[in-house]
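Here is the structure we will look at, set down as structure tokens.
Read the figures in this text as sums done on the coordinates, not as results from a lab. Only a predicted model underlies this, so the values are computations on that prediction, with no experimental measurement involved. Glycine gets a Cβ as well: all are built from the backbone with ideal geometry, and neighbour counts include every protein chain shown.
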Amino acid sequence: MSNELEDLINLFSKLPGLGPRSARRAILHMLKYKDTLMPNIARTVEAAHRTIKLCTICGNVDIRSPCSICLDDKRDNLSICVVETIADLWALEKGHVFKGHYHVLGGTLSAVEQRGPDTLNIENLVRRVAENNIREVILATNATIDGQTTAFYISERLEPLKTKVTRLAYGLPVGGELDYLDEGTLSAALASRKALA
Ligand SMILES: [Zn+2]
């Protein structure tokens, strides 16, 4: 196998959800349509790299910063939904279940993997809540141990601000991840959110 091909497979196999086997299949598919698909993928990736920015307010990705959600004045600017990842934000947006603003943490706290608060976008959240007199913060971290720990930590950090802090009520067993919920469940989880004890 040529170096170029090996590099390509190695690169693709690092993507989440693609092991070496799926990476090989994806590359072979691209090679089958080498003259149409490959240049198209290369151009699209290059254009995305050039234009896509990380929103400095919420951590979403968009072609502008602040992103279009942060700039949308039709949304409730007194509530912030805190999510672990951009994929979770997209899941909530796709379900049209939330009309406020978002804050993307960029992961969770983890004792096992030694991820502390400074690895997450938490300071910006605390500042945002304080400076904008946010009425409600909805913690929509996953129903995993790390997700719960993170929600608890954030609620403690927000405590002095006296903002209402709620947590999604999950209609699924502990361990559930937001990105995998269907829209109905997501909507119900949001509607029946409860205050953190
Ligand atoms: Zn934003």
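Points to keep in mind about this one:
- Here, the stretch 14-129 yields an orientationally averaged convex hull projection of 9.8 nm² when only Cα atoms define the hull.
- Angle between the chain longest axis and helix 145-158 axis [Cα atoms, degrees, rounded to 10]: 50
- Equivalent-ellipsoid semi-axes of the stretch 62-115, from the Cα gyration tensor, Å, largest first: 24, 12, 11
- Modelled FRET efficiency - R0 45 Å, T36 with Y180, Cβ distances, 0.05 increments: 0.85
- Hull volume in cubic angstrom per residue (convex hull over the Cα atoms of the stretch 52-92): 72
- Peptides ranked, highest mean first, by Cβ atoms within 10 Å: ranges 28-39, 117-128, 79-90: 79-90, 117-128, 28-39
- Angle in degrees between helix 37-51 and the longest Cα principal axis of the chain, rounded to the nearest 10: 40
- Estimated inter-spin distance, L78 and E113, nm [label 7 Å along Cα→Cβ]: 3.7
- Cα centroids of the stretch 1-60 and the stretch 177-197: 33 Å apart.
- Our helix-only sum for the chain, with -39,500 (n - 2.57) per DSSP H run of n ≥ 4 divided by its residues, gives a mean residue ellipticity at 222 nm of -12500 deg cm²/dmol.
- Working from Cα pairs under 8 Å separated by at least six residues, relative contact order for the chain is 15 percent.
- Here the simple spin-label model places points 7 Å from the Cα toward Cβ, and for E156 and N124 these points are separated by 2.4 nm.
- Working value for the stretch 60-179: equivalent-ellipsoid semi-axes of 21, 17, 14 Å, each the square root of 5 times a Cα gyration tensor eigenvalue, largest first.
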